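To start, the structure under review is shown below, and the notes come after it.
Derivation of every value follows stated rules applied to the coordinates shown; laboratory data play no part. This structure is a prediction, so every number in the text was calculated from the model and none was measured. All Cβ positions, even for glycine, are placed from backbone atoms using ideal geometry, and neighbour counts span all protein chains on display.
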Amino acid sequence: MMIERILVIGAGTMGRQIAMSCALAGYATILQDVSAQVLREARAELEGWAASRVAKGKMAREDAELALGRLSQSTDLERSAGQADLVIEAAVEQREIKERIFAQLGCVAPTHAILATNSSTLPSSAIAAASGRPALVCNMHFFNPALVMKCVEIVRNGQTSDATVQAVMGVAKRLGKEPVLVNKEIPGFIANRIMGAINREALELAEAGVASIDDIDTTARTALGHPMGPFELMDLVGLDVIDFIAQMTYAQSGEEQDRPHQLITEKVRSGKLGRKSGEGFYPYTH
Ligand code: CAA
């Protein structure tokens, strides 16, 4: 299956960087969002990112310009999907919205097009039927920041074909990623289950007054070699996202250990969402 044109739906934190990764790998890429303002912000961020890599000597100016030239944007889903060989949906984490998008894609995307969702909380089996082509549907879960993180979890549902898995694996490798195959649609897949266990332990240590948040983070970095401590990472991901993942995991598993932690829920209630809001476990000056 030849993939040359990619449509990324949703220009938020994940979608914009996934789209840029595709453009850098040589794919003709369209970034689609319902908001023209969000698309403008995404373009400005990606141009800034490319300029800083050129300034650091990590990317040739010509390559940056070529990649940005391959990346177009649109608010029109129907028109953007018309030529796509692969669609990566990174819209908001709401089942109804994703289901509607997949139903629409089932009508307007070419019949050979693979439809992947970047969702971390919704298995593709929940929306595959809406597309009318379940064999061509899977999760393709990237990590934040998507331009940097190497992992992509390819999660197959019961009906995903081997050809679909091979094709998206091939795309992920061409993006310079190290894709992993998840054979069962379990809540949290692989990475978020491991992250959830680490976060749970870190939150319990902090709550019990065993050590400060700062010292717990320092320990994870200096004793375990993690690039960030759990609290720094939760702030990066967004405490609302962490809370939402916990809610969805708990709803699916019903296990006490997956219940959203009150420290996170309280922060979200008071608007402390992490880096993006200027404060989470730590204060940030942008
Ligand atoms: N966007 C794009 N590039 C970024 C970036 C961002 N937000 N943040 C950092 N970078 C780039 C920098 O430009 C820099 O690039 P160069 O090396 O080419 O100059 C590189 O990353 C390293 O950045 P820094 O030197 O500023 O800082 P660092 O070495 O501490 O790295 C980090 C920053 C990459 C974020 C690193 O700390 C890290 O890997 N942290 C862990 C991130 C992680 O675990 N992500 C997964 C979250 S879970 C998730 O996403 C799943 C989900 O469903 C919620």
(message) If you restrict to DSSP beta bridges whose two residues both lie in the chain, what percentage is antiparallel, to the nearest 5?
(response) 20
(message) Report, in listed order, any pair from 58/98; 56/150; 58/150; 56/267; 150/184 with a Cα-Cα distance greater than 25 Å.
(response) 58/98; 56/267
(message) Sort 196-208, 239-251 by the packing proxy (mean of other Cβ within 10 Å over each peptide's residues), most packed first.
(response) 239-251, 196-208
(message) What whole-number distance in Å separates the alpha-carbon centres of the stretch 86-116 and the stretch 117-184?
(response) 13
(message) Calculate the FRET efficiency for residue 201 and residue 61 from the Cβ-Cβ distance with a Förster distance of 51 Å, rounded to the nearest 0.05.
(response) 0.65
(request) Mind giving me the nanometre distance, one decimal, between the label points for residue 44 and residue 2, set 7 Å out from Cα along Cα→Cβ? (result) 4.0
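List the trypsin sites (Lys or Arg not before Pro) in the stretch 47-107 that DSSP assigns to loop (not H, G, I, E or B) and whose Cβ has at most 12 other Cβ atoms within 10 Å. Which are they?
Here the sparse-neighbourhood loop sites are 56, 58.
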(message) To the nearest 20 Debye, how big is the dipole of the chain about its Cα centre, given +1 on the beta carbon of each Lys and Arg and -1 on that of each Asp and Glu?
(response) 760
(request) Can you tell me the alpha carbon radius of gyration of the stretch 134-255 divided by the globular rule-of-thumb value 2.2 N^0.38 Å? (result) 1.21
(message) I need the P(r) histogram for the stretch 1-98: all alpha carbon pairs, bin width 5 Å from 0 out to the longest distance, whole percents.
(response) 3, 14, 24, 25, 17, 10, 5, 1, 0
(request) Once you have all Cα-Cα distances for the stretch 70-170, histogram them in 10 Å bins from zero and send the whole-percent values. (result) 16, 51, 32, 2
(message) So if each residue of separation counts as 0.36 nm, and I subtract the Cα-Cα distance between residue 107 and residue 159, what length gain in nm does that give?
(response) 16.8 nm
(request) Please arrange 117, 75, 164 by counting, for each residue, the other beta carbons lying within 10 Å of its beta carbon, fewest first. (result) 75, 164, 117
(message) If you average the C-alpha positions of the stretch 1-48 and of the stretch 226-243 separately, how far apart do those two centres end up, in angstrom?
(response) 24
